[in-house]
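In what follows, a structure is listed as C-alpha cells, so that the remarks can point back to it.
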Amino acid sequence: MNKHSHNESDFEKILSSLDGLTPAEPRPFFYTRLQARMMKSEQSSIQRAMKLVAKPAFVLGTGILVLLLNGYILFSKLEQKQVQAEESTQMLASEYTSLNSHWNENLVENP
Amino acid sequence: MVEQLLIERLKQGEESAFKDIVESRQGMVYNTVLGLVQNAEDAEDVTQEVFIKVFESIRQFKGESAFSTWLYRIAVTTSLEFLRKKRRKKRFAFVTGLFGDNNQPAYDPADFVHPGIQLDNRENARMLFQAIKKLPENQRVAFSLHKVDGLSYQEVAQVMETTVAAVESLIHRARQNLKKMLKDHYNENR
C-alpha cells in the first residue's frame with residue numbers, strides 16, 4: 001500500500017513537472033530567416049518553371065504541338081475551299097440547265 | 001483591435017503588417033510547435049512553415065474565430081503533418097536499410113527537454129516528454145496545448161473544434177495513458 005502510494009506521488013510529481021513552464025522563444029532574427037526562406041522558395045519556383053521550359057522534351061513537345069495545330073488549320077481551310085468550289089460548280093451547272101430549258105421552251109413556243 | 005487592423009493590412013498585401021504579426025506571434029507559435037515536435041531545429045522549420053501558410057491563406061480568415069485560435073489550428077495541423085512525414089521517412093529508411101541501403105533513420109533525440117522547464121524538474125520532464133510522444137495524436141494535442149501552452153479546456157476545445165467535455169475526456173485519457181507508460185518505465189528501470 002505504502003509502495004503503491006509512493007509510486008502514485010512519483011507519477012503525480014512527473015506529471016506536474018510541466019507546471020510553471022516558461023514559453024520558449026525562437027532564436028533571434030526569426031523574421032529575417034523566414035523572409036530569406038520565402039524569397040528562396042519564390043526563386044526556386046521561378047527556376048523550376050525556367051528549367052521546365054528549357055527541357056528538350058518540353059521544347060520538342062511544344063514544337064510538335066505547334067506543327068499539328070498548323071497542319072489542322074491548313075487542312076480545314078483546304079477542305080473549306082474544296083467545298084466552296086464544289087458548291088459553285090453545282091450552282092453553275094444548275095443555272096446552265098435552267099437557262100437551257102428556258103431557251104428550249106421559247107424555241108417550241110416561237111419557232 | 002490593433003491586430004484586426006494588422007490583419008486587414010496583411011489581406012491587402014502589406015509586408016510590414018506581416019512582419020508585425022510574425023514578431024508578435026512567433027513565440028506563441030514556436031512554443032506550440034516545439035511542444036508537439038519536441039526538437040528545436042524542427043520546431044523552427046515548422047514555425048516558418050506556419051507563417052508561410054498564414055501569409056498565403058490570410059484571405060481565408062473570416063474572423064469567425066479569434067486570430068490566435070486560427071493560428072493555433074494552423075500550428076497544430078502543420079506540426080502533425082510534419083510528424084507524419086517524419087514517421088513515413090523513418091519507415092522508408094528502415095525498409096531500404098533491410099535491403100542493404102546505407103540510409104540511416106532520421107536522428108531522433110529521445111531526451112528532449114523544453115527549454116522553459118525549471119532546472120529541478122528537468123529529469124521528470126524528460127521522462128514525461130518521452131511518454132507524451134507515444135500518446136495517440138488527439139490526446140497528445142489536447143495535453144500539449146493544455147500543459148505546454150497553458151490553454152484552458154475551453155480554448156483547447158476551440159482550437160480542436162470540439163466540445164469542452166471531449167477535451168476533458170481526452171486529457172483524462174492522456175493522463176491515464178501517461179501514468180501507465182511511466183509506471184512501466186519505472187518498473188523496467190528499477
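Considering A:95, A:42, A:25, which residue is in contact with a Pro (Cβ under 9 Å, 6 or more places away or on another chain) and open to solvent by 80 Å² or more (accessible area, probe 1.4 Å)?
Working: A:95 fails: in contact with a Pro (Cβ under 9 Å, 6 or more places away or on another chain); A:42 fails: in contact with a Pro (Cβ under 9 Å, 6 or more places away or on another chain).
The unique qualifying residue is A:25.
Within segment B:161-180, residues that are away from chain A (no Cβ under 14 Å) reach partners that are surrounded by fewer than 14 Cβ atoms within 10 Å (Cβ to Cβ) with beta carbons closer than 6 Å, at six or more positions or on different chains, in the pairs B:164/B:154. Considering segment B:31-67, and only residues there that are more than 16 Å from residue B:84 (Cα to Cα) and assigned to a loop (DSSP other than H, G, I, E, B), the residue that is least open to solvent (accessible area, probe 1.4 Å) turns out to be B:61.
Checking the stated criteria, residue B:72 turns out not to satisfy the condition of being without any contact (Cβ under 8 Å) to a residue 24 or more places away in the chain, touching a Ser or Thr at 6+ places or on another chain (Cβ under 9 Å), within 14 Å of chain A (Cβ to nearest Cβ) and of a type in the set (Ser, Thr, Tyr). If the condition is being in contact (Cβ under 8 Å) with a residue 40 or more places away in the chain and on the phi > 0 side of the Ramachandran plot, then segment B:2-58 contributes only B:38.
Please give the helices (runs of 4 or more DSSP H) falling wholly within segment B:88-187 in which 2 or more residues are under 16 Å from residue B:72 (Cβ atoms), open to solvent by less than 70 Å² (accessible area, probe 1.4 Å) and at pLDDT 90 or above.
Details: elements: B:122-132, B:137-147, B:153-160.
In segment B:88-187, the matching helices (runs of 4 or more DSSP H) lie at B:137-147, B:153-160.
Being more than 52 Å from the chain's Cα centre (by Cα) and either more than 7 Å from chain B (Cβ to nearest Cβ) or among the polar types (S, T, N, Q) (or both) is the filter here; which residues of segment A:12-31 pass it?
If we filter segment A:12-31 for residues that are more than 52 Å from the chain's Cα centre (by Cα), which is where we start, we get A:12-20.
A:12, A:16, A:17, A:19 - these are the residues of segment A:12-31 that are more than 52 Å from the chain's Cα centre (by Cα) and either more than 7 Å from chain B (Cβ to nearest Cβ) or among the polar types (S, T, N, Q) (or both).
The values are calculated or read from the model by the stated rules, or taken from the named source; none is laboratory data. The model shown is predicted, which means the values in this text are computed figures rather than measured ones. Neighbour counts run over all protein chains shown; Cβ positions are idealised from the backbone, glycine included. Ligands, DNA and RNA are stripped out before the accessible areas are found, and what is left, the full protein with its side chains, is counted by its heavy atoms. Shrake-Rupley method; radii C 1.70, N 1.55, O 1.52, S 1.80 Å.
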